Structures are given as structure tokens and as C-alpha cells.
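The structure appears below as C-alpha cells.
Throughout, read-outs are computed from the coordinates displayed, never taken from laboratory work. Everything numeric here is computed off the predicted structure, so don't read it as measured data. Using ideal geometry, Cβ is built from the backbone for each residue, glycine included, and neighbour counts are taken over all protein chains shown.
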Amino acid sequence: MTTIALLLITGLGLGALYFLIAAGLSLIWGLMRVLNFAHGAFFTVAAYAGWSASGLVGGASPELQWLVAVAVAVVVGGAFATLTEVVLIRPLYARHVGQVLVTVGLALATISLVQGGFGSDPKRLALPAWMTGTTTIVGANIPNTRLLVIAFALAVFALLIFFLRRTRFGLIVRAGVENRAMVQALGIDVQRAFTLVFAIGGMAAGLAGILAGTYYGTIDPGRGTSMLIFAFIVVIIGGLGSVTGSAVAAIVVGVLQQFLNFYGAAGVGDFSVVLLLAIVLLVRPGGFSGAST
Amino acid sequence: MSAPATLLAVRDLNVYLAESHILQGVSFDVRAGGITGLLGRNGVGKTTTLRGILGLVPRTGSVVLEGAETTKLAVHEIVRRGVAYVPEDRDVFAGLTVEENLRLAERAGAPLRYDLVYELFPELEQRAAQKAGTLSGGQQQMVALARALLNGDNRILLVDEPTKGLAPLVVRHVVEALRRAAEVATILLVEQNLSVAHSLVRDVIVLDQGRVSFIGDVDQLMGDAALARRHLGLAAAGSH
């Protein structure tokens, strides 16, 4: 029971990180039909920006250092994503091959630049004492970072749902995911919604970047890329354009990965996720949410 | 009595889609007030003409609305100048409720005509919380028309085959709604049902293979069997 609780909550923590990356990816694809391979770069740049900012306030308490790291990561993630949309993506709407090439290129260039600037070795993130401790749940000592990441993901999920269901911009995004041309035909400047969705996606990816550093204790240049692969799987399993679908898929993928990596041979968990993707594509091509795209 | 002023002037409109030259120099005027019919056989470019006016397809030529050129504007800017669009397939947002579909159409600064919309389509008020995707075809058409009618500053409604696929009872409802709508805005109507068209429209523009083949009065066209056969390909004379 103890092991199961530990694996379950750790899996939920991993799923929470996947969700934070996948939610933005899903909305960006759903609204703009842009496969954004640079999303991992937002994650990485934001994590390093947060880590650097944390170092700049090194004399402050660990709690403040961590909060500064989170705030800077979110802002930098959003700003980097906005800049990417305005400068690189906007001239390439409806040119899908061009979008793939430019986002892949940006991702590769960004990772190389980060490696060049900061080195390949992982950087330890300063964490408050509470985060290095554990909390006992049904007999299992759960690292507090797992609980923290889950709490952040729940908060982001709630904010996104509020944004999508209760604001006019959210209404525009939901409508745009269904039929972008008709949104324009109602007199709405869908371009602004594109930029906003990119910014929100970048902020969530930036938060994921610094929370992944909190979850694993370190940040490194390659983590964004490796997590992006699973985030793409989550987006497809959840249904392109569906935040709720991404949330459910992220939980399934994270928990499945943890359990099978623990009980099976090395790598079985990762393989099972790819297998799950194949099964979902065969049985329900629109993903959990049933979206037709 | 002087003739109503021209609200919309289309000049030398050309649209290429893939390798096809769909519209080949289409030119016509739409007078302010009432309903102007855009008729023709299937596939002659009627829907493309509406989409070209709105900028939903790449086009060349000139589209002038109340004296102002609109072809250089983005789609949303053209719409904000008072052009509303009711597409052939209704294109309601299936995952949004009826109320959300209408709210999305609201334009800042425009007087909203919810009274008129709910007077014409009381069902929409009753089904405000229902997902538009679960409505019948007729109800979805009501949503599409309601979106176009909602903003009080809309000058012209581009309405594409509003009775297509609807039951006769619903067709009568839509016809009545269009008649009422024409009291508050000019309508450019694409309609395959010639008896519906004849009962509603005043001026007629007929397209044939991407070109304008006839411009004139609806009674002139429908009252002359030879003319109707030549331009519409069937014995439309006398249809009501």
C-alpha cells in the first residue's frame, strides 16, 4: 500500500509537469494549427532564467529565492513565447512545413546556446527546507516537491478552465479551436487570440521548467526536449485542443509510467506510454476528448 | 422617387482556388435596403462571391462598401464595418451553447438587437444553455441568422442558402425571419430554392461559370420562361 501510494503520487507529480507543458501545446495546436517544437525551448530558457534570478538574490531566504525563480521563469517563458509567435510564427501561418522547420531550428539553437552559456552539467536549484522534506500519506513518505507540483498544476488547470469558460478571450479561443475562419467572420481579430494563447502556453511551459527543477532538484539543458516528447503524447492522447483532455491524459501517462518503470524492466514505462498512444490512435483517433482533429 | 443608393459595389472580382479560376471579373451593385438575390446553378461561384466580398478567400478586384474600399482590409475589419455573414453550412460553434454563440457575435460599441433576435427566434431564448451542436438543422440556422442580426450597426447581411436542407415548415419560418431582417438591414441572398428567392428578393444577379450573366428585376427574370431557362437552366417562370 505504501509503495502504491508513493508511486501514485509521484506519478501524479510527473503527470502534473506533463500537463503544464501539454496544456499550452494543445491550445496552440487547437487554435492555430501550429505544431510548436520550440515549446521545450520555452521550458528550458525559463528554467535557466529562473535559476539565474534565484542566484541574483542569493542573500535572501531560500523561500524568497525560490519564489523569485518561479516568477522570473513564468515571465520569461511568456515573453519568449510571445516573441516567437510575433517574429517567427506569424509570417508562417498556413505554411506548416515552414513552422515545423523554424520551431525545430529554434529548439535546437536554443538548447545549444543554453549549453554554451551554462554548460551541460545540471544546476542545483536552491529550495526552501520544506521542499526537501517529506509528508507521510497512508504510510508512504511522499517528497513534498511532488505535492507542490501537483498543487501548482491543479491551480493552473483551474485558472485555464476559468479563462476558457468565463472570459471573452476564452470564448474566442474555444470557438477558434472549432472554426477559426468563422471567428474572423464574426469580426474578431483572431490574431490577438493567437498571441495570447502563445503567451499563456509559454508561461505554463516556463512554470513547468522551474517546477521540473524543483521536482528533480536540478535543471539541465536537455530536460525540456525529453519532457516535450511525452507532452506531445499527452496532447494527442488527450485530444488536440482540449485542456481537460490533456489533464486526464497527463495523469494516465504519468502514473502508468511510474508504475511500469517500477514494477517492470527498465524502460517498460516509457514504452508502455508509446503503446498507449498507438492504442488510442487506433481506437479513438480524436483522443480522450473526442476532438475530431 | 429616386433609386436607393448603392450600398455595396463589386468590381472585377477574381478568385483563383488551387488551379481553378472560380470568379472571372464579377461586377455588380447591391442597392441599400431590401433583399438582392445572387442566383445561379450549382458551382457557378455564388458562395465564393460572398466569401470574396468578406475576404475569406484571396481575391483581386474591388469591393466598395458605402463608398469605402474594403479589399485591403482583414476579414474582421470588413465585418466591423457592418458586413455580417451567414454561411451555407451555418458554421455554428457546436461545442458552445446557444447563448455563447450569440455572445461571441456581440461587437463592442454596437447596439445589440436581442429583442429582435428573440422575437424572431423565441426558441433560442429557451435553448440558451443548450450546446449548438445538439440543435436541429433549422435551429442551427436560427443561431446563424441570429448572430448576423444581433449587431444593430450591421449594414449588409451575406446570407448563403439559408433554407438548404430544411423542412418546409422551418423554411417558412426562415423566410419570414429574412423578410423581417430586411427591414433593418440590406441582404445579399444566395438561394437555390427559386420560389423562396422569388418571394423575397427585389433585384437579381445571376452568375454563370464565374461570370455575371444577368442583372435585373426578379419579376423580369422569373416572369420570362425563356430568360429563366437561359440563365437558371430550368423552367422557373411563374414559380412562387
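Tabulated data for the structure shown
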quantity	calculated
Separation in nanometres of the label points that stand 7 Å from Cα toward Cβ, at A:Ile161 and B:Ala74	3.2
For the protein assembly as shown, alpha-carbon Rg relative to the globular expectation (2.2 N^0.38 Å, N residues)	1.18
Diffusion constant of chain B at 37 °C, which comes from Stokes-Einstein with the Kirkwood Cα-pair radius and 0.692 mPa s, µm²/s	181
Residue-count net charge about B:Ser199 - beta-carbon cut-off 12 Å; Lys, Arg +1, Asp, Glu -1	0
Charge context of B:Ser27, other residues only, Cβ under 10 angstrom, K/R +1, D/E -1	0
Dipole-positive endmost among A:Gln99, A:Leu64, A:Val75 within the stretch A:1-155 (Cβ charges, Cα centre)	A:Gln99
Rounded FRET efficiency, nearest 0.05, which uses the C-beta distance separating A:Thr136 from B:Thr6 and R0 of 51 Å	0.05
Peptide-level mean, for A:174-184, of C-beta atoms on other protein chains within 10 Å	6
Distance (nanometres) between label positions extended 7 Å along Cα→Cβ at B:Ala167 and A:Leu154	4.9
DSSP beta bridges in the protein assembly as shown [antiparallel fraction, %, rounded to 5]	65
Simple label model, 7 Å out from Cα along Cβ direction - B:Glu183 to A:Thr2, nm	8.0
Residue-span extension gain [B:Arg211 to B:Arg41] - 0.36 nm each, minus C-alpha spacing	60.0 nm
Cross-link reach list, lysines versus B:Lys46, counting only Cα pairs under 21 Å and skipping chain neighbours closer than eight places	B:Lys164
Net +/- balance of residues flanking A:Val190 in space, Cβ distance below 14 Å, scoring K and R +1, D and E -1	+3
Rounded to whole Hz, the Karplus (6.51, -1.76, 1.60) HN-Hα couplings of the stretch B:134-149, x for glycine and proline	9, 7, 6, x, x, 5, 5, 5, 4, 4, 5, 5, 4, 4, 6, 7
Loop-resident sites, the stretch B:1-82, for GluC sites (Glu not before Pro), counting at most 13 other Cβ within 10 Å (DSSP)	B:Glu19
At 1.306 mPa s and 10 °C, Stokes diffusion of chain A via Kirkwood alpha-carbon radius, µm² per second	82
Relative contact order computed over the stretch A:2-221 (Cα-Cα under 8 Å; 6+ residues apart), in percent	42
Along principal axes, Cα extents of the stretch B:142-200, largest first, whole Å	31, 21, 16
Modelled FRET efficiency - R0 22 Å, A:Val87 with A:Arg192, Cβ distances, 0.05 increments	0.85
Residue-averaged beta-carbon neighbours from other chains (10 angstrom radius) around B:70-79	3
Helical segments meeting 18 Å axial Cα length and Kyte-Doolittle -1.0 threshold in chain A (DSSP H)	A:2-32, A:39-56, A:62-84, A:96-118, A:144-166, A:190-216, A:223-238, A:243-263, A:268-283
Most to least packed among A:188-196, B:91-99, A:200-208, A:237-245 [average Cβ atoms within 10 Å]	A:200-208, A:237-245, B:91-99, A:188-196
Cut-off under 5 Å, modelled amide H: who pairs with B:Ser213 long-range	B:Val206, B:Leu207, B:Asp208
Peptide B:100-111, shielding by other chains (average Cβ, 10 Å cutoff)	3
